[in-house]
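Reviewing the structure listed below.
Values in this text are rule-based calculations from the coordinates and carry no lab data. Please read these numbers as outputs of a predicted model, since none were measured by experiment. When we count neighbours, we look across all protein chains shown, and the Cβ atoms used for this are built from the backbone with ideal geometry, even at glycine.
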């Protein structure tokens, strides 16, 4: 369960994961240089600074439909806390190395890192975040990816999409009573015709 800071902490955790892998490899480390070269900016903003080498852009946040209707949680006080908001985070990963070959190397290493990891636990005590992230390559059609690039008004670049789930954003809403799940009442059939005097 996590506070509202979970989006920022999840992104930072993914960047750290990428840098730990890229920075430890003698082939890819020179392509990036430092962890700060992995940025959360969209590809248009990333391209404006040659020091930026890898864009990890959170371009869409959606609700996880599979856990949407989980019942409220009963607290020790007897009150009920609304269930956490389960989120799916969608990232566009785009390399900005010095050449096409370097882009391939960098993207390949990043994809290998996420594939090998699969699941990552992020814990940030100061931000009240403790989550398990599931990282999967998210299949988008070329048309869907092209629409993202058209919205950015940029020519298409080599990129891949990742889905990161499930992130729980804790609710601060606490209700004194349980939510209504069933309504019952007495019903008696009408014996006289409608409109009778």
**Item:** Segments 32-38, 46-52, 140-146 sorted - mean Cβ within 10 Å per residue, highest first
**Value:** 32-38, 46-52, 140-146
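What is the fewest-to-most order of 59, 162 by other Cβ atoms lying within 10 Å of their Cβ? Could you put the intermediate results ahead of the total?
Values: 59 14, 162 18.
Starting with the residue having the fewest Cβ neighbours, the order is 59, 162.
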**Message:** To make sure I understand, if each residue's beta carbon is the centre and we count other beta carbons within 10 Å, what order do 106, 41 fall in, fewest to most?
**Reply:** 41, 106
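Subtracting the Cα-Cα distance from 0.36 nm times the residue separation, let me have the gained length for residue 121 to residue 74 in nm, one decimal.
Length difference between fully extended and current span is 14.3 nm.
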**Asked** Tell me, how many Å apart are the Cα centres for the stretch 82-150 and for the stretch 54-81?
**Response** 19
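For a Förster distance of 45 Å, can you work out the FRET efficiency between the beta-carbons of residue 27 and residue 128, rounded to the nearest 0.05?
Values: r = 38 Å, r/R0 = 0.85.
So the FRET efficiency works out to roughly 0.75.
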**Message:** Order these by the 10 Å Cβ neighbour count, fewest first: 44, 83, 77.
**Reply:** 77, 44, 83
